[in-house]
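Working notes for the structure below.
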Amino acid sequence: MNSYFLYARKSTDVEDKQILSIDAQLNELHSLAKHDGLEIAAEFVEKRTAKMPGRPVFNEMLKRIQKGEAQGIICWKIDRLARNPVDGGQISWLLQQGVIQHIRTHDRSFLPGDNVLMMSVEFGMANQYIRDLSANTKRGLREKARRGDFPGPAPTGYLNNPRTKTVMLDRRKAPTVKAAFELYADGQSRLTDISYFLYDRGVRTGRRKWGQGGRKISDDHVKRVLTNPFYYGHFSYGGDIWKGNHTPIVSKSLFDKVQDTIEIRGRGQKAKKDPQVFCGLLHCGNCGCFITAEEITKYQKNGNVHRYVYYRCTKKRGPCSQSYVREEILTARFSNLLSHYTLPPEWARELSRMADKDELEAEHIAGISVQELRTKIVDLNERESRLTDLYVSQDIDRNAYLLRKRSLMSERKTAEEQIARLKHDFTVWLQPLREWINEGLQLNEIARNTDLPSKKISLQKIFGSNLTLQSREARGIPKNQWLSLANAKENSKKLSFSTLLVRDAGIEPATLAM
């Protein structure tokens, strides 16, 4: 009498569903074996998908069958054994060779002589089902992303809504996440500090089914949060950035400040070991090497200790004639340099007024454009309706109908997306200008105070990587908007501010954010 191996498999990773499904299979298969009088030599239970070859339990079962420990298999359906052509071909071959003499499922039997073709067809259908399911799932997720709905687990500070299948704010954690962004943007906190800040306020690792969780989140996790565009309203999916429908936790300007801080601080631990704040900001004006710093401690006979920070060329390309410069002297040079790019308050008020006027004009123009697009959509709907009438009356063949309908739907989708962009982004180009005005106003205070990191951030915004140190003087070519401001301040001694705002005469708001 032949012996049989009983094989049960469930691919889900959810433990409770997995156990129930497998138990149900085992009960049904034992009843089937008892009804048919089949002897079960062993049970094999697997909790993995059959989409890919390499299942350990399945492979172990086939090895034991080839050793002669059993001659048949009992399973609920043939797709429990394989959903890929490699495993399916292996089963088919062993059945053809008579190594497997009988496969019994709940509704049919597969024997070496008569059902190998039918089994191959069923294996092929199972494999194609997996391929179609994968393609349909990916297509559905892409479409979900196009609609602005994030197709994945909600980030920290958000929750997945199981009813609407969308992401919503976690009212308890979202304010803490926003506070973490604000704290890090100040430039005084490390990633580890933010991690403890979140932990103390209840933002911790999620609890797992085996009891772990509720711990401090890692520094890497904190950095992923701080660099995730999801928090200001966009998200990454499929290699693209999409505009989300979810509620942002932080503003884009706050997010950008955090990115600036991350870029300046670099690796948090390295910054802690190197306290010289202006490192990485300057190049040597003589040889082009980076300017580095070193701290020197001097001990006096009376017991006083003095610490000095000196900046100098690294001289990595060979000897350099440039001498050391004390940090206090360099700081004074930077303060003087920044003072050339401060924005006078009366200029800021006038620029803000002009930006407000531009915003109203942009809103008016956007409204006209939206109305034109809505009229276009109405026309496209009417054309699609007439096209359908032609198809129903058989005045146009199916291929031509589908081709023209696809074109009309594509035009309508484009128009709908243009309306959405106009409604949301008609003044997005003004935001960099408003931020620049605020930065220019703050420069006066930054130039006067002793906050060295703030000076460094401002210098990087103005000069980028174009700042050099030569003969103990800091020099650089500022970015366009800051150069325009400096020139306008110089020309203001001869021309009025209203004249300077005229194109080609000096400063112009529309070009400041370039």
Would you calculate the separation in nanometres between label points at Asp23 and Lys301, each defined as 7 Å from the Cα along the Cα-to-beta-carbon direction? 9.0
Under the Karplus relation with 6.51, -1.76 and 1.60 and θ = phi - 60°, whole-Hz ³J(HN,Hα) for segment 451-457, x at Gly and Pro, equal 7, 5, x, 5, 4, 5, 4
Links exceeding 19 Å between C-alpha atoms in this model, out of Lys144/Lys165; Lys223/Lys456; Lys173/Lys223, come to Lys223/Lys456
Can you list residues whose amide H is under 5 Å from His234's amide H, if they're 5+ apart or on another chain and H is modeled 1.01 Å from N? Gly244
Net dipole in debye of segment 158-272 [+1 Lys, Arg Cβ; -1 Asp, Glu Cβ; about Cα centre; nearest 20]: 600
Can you list residues from other chains, or at least 5 along the same chain, whose modelled amide H is less than 5 Å from the amide H of Tyr158? Asp170
Through the Karplus equation 6.51 cos²θ - 1.76 cosθ + 1.60, θ set to phi - 60°, convert the phi angles of segment 152-168 into ³J(HN,Hα) values in whole Hz; use x for Gly and Pro. x, x, 5, x, 4, x, 10, 10, 7, 8, x, 7, 8, 6, 10, 9, 10
Trp93 versus Lys63, label points 7 Å from Cα toward the beta carbon: distance in nm? 1.7
Segment 349-473, dipole about Cα centre (Lys/Arg Cβ +1, Asp/Glu Cβ -1), debye to the nearest 20: 360
Separation in nanometres of the label points that stand 7 Å from Cα toward Cβ, at Gln442 and Val392: 6.2
Show which aspartates and glutamates lie in cross-link reach of Lys178 when reach means a straight Cα distance below 16 angstrom and same-chain residues fewer than eight apart are skipped. Asp170, Asp186, Asp193, Asp200, Asp256
Residue-ordered couplings for segment 336-346, obtained by feeding phi - 60° into the Karplus form 6.51 cos²θ - 1.76 cosθ + 1.60 and rounding to whole Hz (Gly and Pro as x), are 5, 5, 5, 4, 6, 10, 6, 9, x, x, 5
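No value in this document is a laboratory result; all are computed from the given coordinates. Worth saying up front: this structure is predicted, and the values here are computed from it rather than measured. A quick note on method: Cβ atoms are made from the backbone with ideal geometry, for glycine too, and the neighbour counts reach across all protein chains shown.
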